[in-house]
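Quick notes on the structure that follows.
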Amino acid sequence: MKNLRTKVLSAVLAVSVLGASAVAFTGCGNKDTTNDSKVTLTNVSYDPTRELYESYNKIFAKHWKEETGQDVEVTQSHGGSGKQTLEVANGLEADVVTLALEYDVNAIRDAGLIEDGWVNEFDNDSSPYTSTIVFLVRKGNPKNIRDWDDVAKDGVGVITPNPKTSGGARWNYLAAWAYADKKYNGDEAKIEDFIKKLYQNVLVLDSGARGATTSFVENGQGDVLLAWENEAYLSIKDNPDEYEIVTPSVSILAQPSVAVVDEVVDQRGTRKVATEYLSYLYSDEAQRIAGDNYYRPYNKEILKEYSDVFDLNINLVTINDFGGWDETQKKHFADGGIFDKIYEKK
């Protein structure tokens, strides 16, 4: 396990404001791009949003052109959410971040690049779409995987990313923990034993959610993929006769977070376009793009339009049931936390 004890988030917190700024903004001065004919924007995101933002960037460019007469080009960066967090804190220039969870944005804030209060800048705790965790199994479900107990039983090969580098992997872990917490009435020793047994079934810990999907879908590894709901649906869309989705009895409301990177936009003069880029994610047009890409729209009326796709009655716990992200990160995912203690690399 020692090789997997990455210092991703501890390193993020150790980055000084001056150091991060010096790397990211050398040669940049305050400027105003409002009257330029073209503006560029960089969105640093996590693994499974590639298709979502490929579609969204097109409609946003059209919207921005109609509103301002200015062309906008959006550059995307994707990877494990924890890894992307470290990259931004260490100087990867991002006008906006659209990451897997609030804790990762807070880490960039703590590095001095995002202002306090970012979580209140946009609706729903700056989470314009949500998701949850499901099981992707091979057609016919040959291992008869119906719930978390089946994922932890002997002889089941599990694919899930590494919680040290992937936000989606942390949601996976917490969903399993919530199930075990209910099963064992809060007995942490039994819960830890359950989670340990589950992770003993893990064949490979990829760095991000898309890498885990590749291991399961393209490389044929494992019997079950613990996946973002949207990632599972995309796999079925691409391979309709090879996979099916199983919804567990307990899962978690995954809230990806979006934020303007204040230090960058103020240096680049892109605050106005960056703010609108995130604000327009809440528009009806963008909410339907989220739904079309198998994210759950924040807009409840538009979410109902996708009731034939999503199970809207699924039992979802939230991060608040764990005491919030700061407490959860420290207890479960920090170096020396529960995950480090229960995971033994084979």
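The values are calculated or read from the model by the stated rules, or taken from the named source; none is laboratory data. Owing to the predicted nature of the structure, the values given are computational and were not obtained by experimental measurement. All Cβ positions, even for glycine, are placed from backbone atoms using ideal geometry, and neighbour counts span all protein chains on display. Accessible surface is based on the protein model in full, side chains and every heavy atom, while ligands, DNA and RNA are left aside. Shrake-Rupley method; radii C 1.70, N 1.55, O 1.52, S 1.80 Å.
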Projected convex hull area of the range 123-175, Cα atoms, direction-averaged, in nm², equals 5.1
ALA212 neighbourhood, Cβ < 10 Å, K/R = +1, D/E = -1, net charge -2
Protection proxy (average C-beta count within 10 Å per residue), highest first, orders 114-126, 134-146 as 134-146, 114-126
log10 of Debye I(q)/I(0), alpha-carbon scatterers only, for the chain at 0.07, 0.14 Å⁻¹: -0.29, -1.13
Using all alpha carbons of the range 215-288, what is the percent of pairwise distances in each 5 Å bin, ordered from the shortest bin to the longest? 3, 11, 16, 14, 12, 13, 12, 10, 7, 2
Alpha carbon centroid spacing (whole Å) that separates the range 128-149 from the range 228-249: 8
Nearest 500 deg cm²/dmol is fine: what mean residue ellipticity at 222 nm does the chain get from its DSSP H runs of n ≥ 4 alone, each adding -39,500 (n - 2.57), divided by its residue count? -11500 deg cm²/dmol
If every alpha-carbon in the range 97-252 counts as one equal scatterer, what log10 I(q)/I(0) does Debye give at q = 0.12, 0.14, 0.19 1/Å? -0.55, -0.72, -1.16
Cα-centred dipole magnitude for the range 225-277, charges only on beta-carbon of K, R (+1) and D, E (-1), debye, nearest 20: 320
Give me the accessible area per residue for the range 271-346, probe 1.4 Å, as a whole number in Å². 51
Expressed as an acute angle from 0 to 90° and rounded to the nearest 10, what is the orientation of the C-alpha long axis of helix 188-200 relative to the principal long axis of the chain? 80
Once the dipole of the chain is set up with Lys and Arg at +1 and Asp and Glu at -1 on Cβ about the Cα centre, which of TYR280, ALA254, LEU198 lies farthest towards its positive end? LEU198
Relative contact order of the chain, defined on C-alpha pairs under 8 angstrom at six or more residues apart (%): 25
For the range 234-346, just list the percent of Cα-Cα distances falling in each 5 Å bin from zero outward, please. 2, 8, 12, 13, 15, 16, 15, 11, 6, 1
Only four residue types carry charge here, +1 at the Cβ of Lys and Arg and -1 at the Cβ of Asp and Glu. Report the dipole size of the chain about the Cα centre in Debye, rounded to the nearest 20. 1040
Residue-normalised value, i.e. accessible area per residue, for the range 134-227 at 1.4 Å probe, in Å², stands at 35
Determine the share of the chain's accessible area contributed by carbon and sulfur atoms, expressed in whole percent, with a 1.4 angstrom probe. 44
Per the Cα gyration tensor, the range 44-87 corresponds to an equivalent ellipsoid with semi-axes, largest first in Å, of 25, 11, 6
Between ASN144 and THR40, take the C-beta separation as r, use R0 = 45 Å, and let me know the FRET efficiency to the nearest 0.05. 0.35
Taking Cα atoms, the helix 50-68 axis meets the longest principal axis of the chain at an angle in degrees (rounded to 10) of 20
Expressed in angstrom, Rg and Dmax over the Cα atoms of the range 165-212 are 11.7, 34
